[in-house]
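Structure, as structure tokens:
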Amino acid sequence: MAKQLLSSDFSNWTSYRLSYQVDLPAKGNTARLWLPLPDTNDSAFQFTQGSNWSGNASKASFSTLGANPFPAFKAEWHGKPKSGQRHVSVSCIVKTSHHSFDLAHYPAIKNSALPNSIKHFINPTHLKPTNGIVRETVHSILKEKHAGTTVQQAKAIYDWVIDNAQYDENTRGRGQGDIRTMLEKNELNGKCVDLNSLFVALARAANIPARNQYGIRINESSLHDSIGQYGDISQSQHCRAEFFLAGHGWIPVNPSDVRQVSKLEKLPLDDPKIMQLREKFFGTWEMNWLTFNHAEDLALNPGNTTSKLPFFMYPQAEIDGKLLDSLDHENFSYKITSAELVGTGAKF
């Protein structure tokens, strides 16, 4: 259904090798590792061609997590390694093609029924409630903009996020996406998880199915240096957002990168370059990035329902049952690299 509306050039795919090299400390008696892998639910903009691993793990497998399920690599070490650190290397081959909808050329559809498989994407999550201040905020946005159709409502929310949020390069990692706290404190600043989660939570509060897709940048951008990365991408995790349009499918949006370019180049929102990005990123993902999953409130250990990840975008590990800090690179060492294998990729 959605593929029929894509304006991507299907003849121009780019192939990449995504590689992990992970070293866990030799301390403790047992260790476990989970790595997010490229989504294997083949789409019109991404598909995978296999993975392999090597290392000194006692047990390892390519598996899945969550109810959907999402691809992951799991490894375990029982007892201390005989020499050196616990080590594993994982390599995946993935292809991407730019993903774009031209929403101006599609008719407005009011009150279209949502597929049953989509309805849960209007539900709240732990960090994205849909009641209280979130619902009050989106009602105010839609009333001010006189937004009627789903596209008009999504665009009003998208514009509001860009107009009111701020990209903060000092935010740790890619942010947390704690939307109620952001709104209650009127501190609408952060990185991609914060800004794109703001769009998602507000859309859900307006009964528009929406979700974050959590992934990683894998190549340079043809649009701006700050929204691309190639080679060593160990700290290039990046999420994007999308909303569901009945009769059309999932529509990509990316308000966070608009604010990032504006902040890092010190350009006002009415600068022609920012206005162009703003228009482009409502309905487009530049696929110098790949998606892992849209998992949220995820339990790494199914039996442990009291400790859940808000999202699964970074490598995760535990030693003797204690979860390591994925952003503490001194005590949890990993390197992620990307390499282009075939083709040059489509240009915007």
Determine whether region 120-133 contains at least one residue that is touching a Leu at 6+ places or on another chain (Cβ under 7 Å) and either aromatic (Phe, Trp, Tyr) or under 22 Å from ARG204 (Cβ atoms) (or both).
yes
If you scan region 149-180, which residues turn out to be part of a loop (DSSP other than H, G, I, E, B) and in contact with a helix residue (DSSP H, G or I) (Cβ under 6 Å, 6 or more places away or on another chain)?
ALA165, ARG174, GLY175, GLY177
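Just to verify a result, which residue in region 171-193, among those that are touching a residue at least 40 places away in the same chain (Cβ under 8 Å) and in contact with a strand residue (DSSP E or B) (Cβ under 9 Å, 6 or more places away or on another chain), is most open to solvent (accessible area, probe 1.4 Å)?
Applying the first criterion (touching a residue at least 40 places away in the same chain (Cβ under 8 Å)) to region 171-193 yields 172-174, 176-180, 183-184, 191-193.
Retained after the next criterion (residues that are in contact with a strand residue (DSSP E or B) (Cβ under 9 Å, 6 or more places away or on another chain)): 173-174, 176-178, 191-193.
Numbers: GLY173: 18, ARG174: 49, GLN176: 104, GLY177: 1, ASP178: 55, LYS191: 22, CYS192: 3, VAL193: 0 Å².
Filtering first and then ranking leaves GLN176.
Filtering region 276-309 down to residues that are assigned to a strand (DSSP E or B) and among the aromatic types (Phe, Trp, Tyr), which residue is farthest from ASP225 (Cα to Cα)? Even if it seems obvious, please write down each step before you answer.
The first filter runs over region 276-309 and keeps only residues assigned to a strand (DSSP E or B), leaving 282, 284-285, 289-293, 296-298, 309.
After this cut, where a residue has to be among the aromatic types (Phe, Trp, Tyr) as well, the list is 282, 285, 289, 292.
On the way: PHE282: 20, TRP285: 16, TRP289: 14, PHE292: 23 Å.
Among them, the one singled out is PHE292.
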Residues within region 289-309 that are at pLDDT 90 or above and in contact with a strand residue (DSSP E or B) (Cβ under 6 Å, 6 or more places away or on another chain), tallied:
10
If ASP163 passes every condition in (1) more than 18 Å from LEU183 (Cα to Cα); (2) over 20 Å from the mean Cα position of the chain (by Cα) but one, which one does it miss?
(1)
Residue under evaluation GLN4, criteria (1) at pLDDT 95 or above; (2) part of a helix (DSSP H, G or I), criterion not met
(1)
Restricting to region 310-325, and then to whatever is of a type outside the set (A, V, I, L, M, F, W, C), under 22 Å from the mean Cα position of the chain (by Cα) and part of a strand (DSSP E or B), can you tell me which residue is modelled with the highest pLDDT?
GLN316
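The values are calculated or read from the model by the stated rules, or taken from the named source; none is laboratory data. Nothing here was measured: the structure is a model prediction, and the numbers come from that model. Virtual Cβ from ideal backbone geometry, glycine too; neighbours counted across all protein chains shown. When the accessible area is computed, the model is the full protein with side chains, heavy atoms only, and any ligands, DNA or RNA have been set aside. Shrake-Rupley method; radii C 1.70, N 1.55, O 1.52, S 1.80 Å.
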